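> For reference, the structure I am asking about is given below.
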Amino acid sequence: MYDKIGGFGTVSRIVLNFYSKALESDAIAPYFASVDMQRLIDHQTQFICALLGGPPSFSDDQIRDVHRDVKISEDGFDQFVELFEQVLQEAELEAADVAAVVQLCETKRPLVVVR
């Protein structure tokens, strides 16, 4: 999937577009109130690259650990997925590819959401 959508350049543009919209969202922006956004964008770009089959890779333990104190709710995760899906569509990915990326994001829900 990583190479199919255009590799790092495409992922980078998608992530930048996502955070631009996320910071304007009443539902999502509070999660980033005290976050170093440049660092987060760099890490999220790497994570999405890995999620799509590109370099680098992150273990489930790393993903769980980094989100442990963020206290992301089910609704917050839903908002993230909805906004990310919108950004993927705006990047003109094929509908099947958008659905596949959304499904990949969903596989990480148990690692990110507070239970």
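The numbers here are math on the coordinates, done by the rules we state, and not lab data. This structure is a prediction, so every number in the text was calculated from the model and none was measured. No Cβ is skipped: glycine too gets one built from the backbone with ideal geometry, and neighbour counts run over all protein chains shown.
> For Cα pairs less than 8 Å apart in space and 6+ apart in sequence, what is the mean separation divided by the residue count of the chain, i.e. the relative contact order in percent?
33
> How do R68, R115, R13 line up, fewest other C-beta atoms within 10 Å first?
Final ranking by Cβ density, sparse to dense: R115, R68, R13.
> Go through the stretch 1-100 and name the GluC sites (Glu not before Pro) that are in a DSSP coil and have 15 or fewer other Cβ atoms within 10 Å of their Cβ.
E24, E92, E94
> In nm, give the distance between the simple-model label positions of F58 and A95, each being 7 Å from the Cα along the Cα-to-Cβ direction.
Spacing of the two 7 Å Cα→Cβ label points: 3.0 nm.
> Further question: So what does log10 I(q)/I(0) come out to for the stretch 2-112 at q = 0.12, 0.13, 0.15, 0.20 Å⁻¹, using the Debye formula with one equal point on every Cα and no solvent?
-0.38, -0.45, -0.61, -1.19
> Which order results if S34, S57 are arranged by neighbouring Cβ count within 10 Å, fewest first?
S34, S57
> For D78 and K4, compute 0.36 nm times the residue count separating them, minus their Cα-Cα distance, and round to one decimal in nm.
The D78-K4 span can extend by a further 24.1 nm.
> How high is the FRET efficiency between T107 and L40 when r is their beta carbon distance and R₀ equals 22 Å, given to the nearest 0.05?
The computed FRET efficiency comes out at 0.60.
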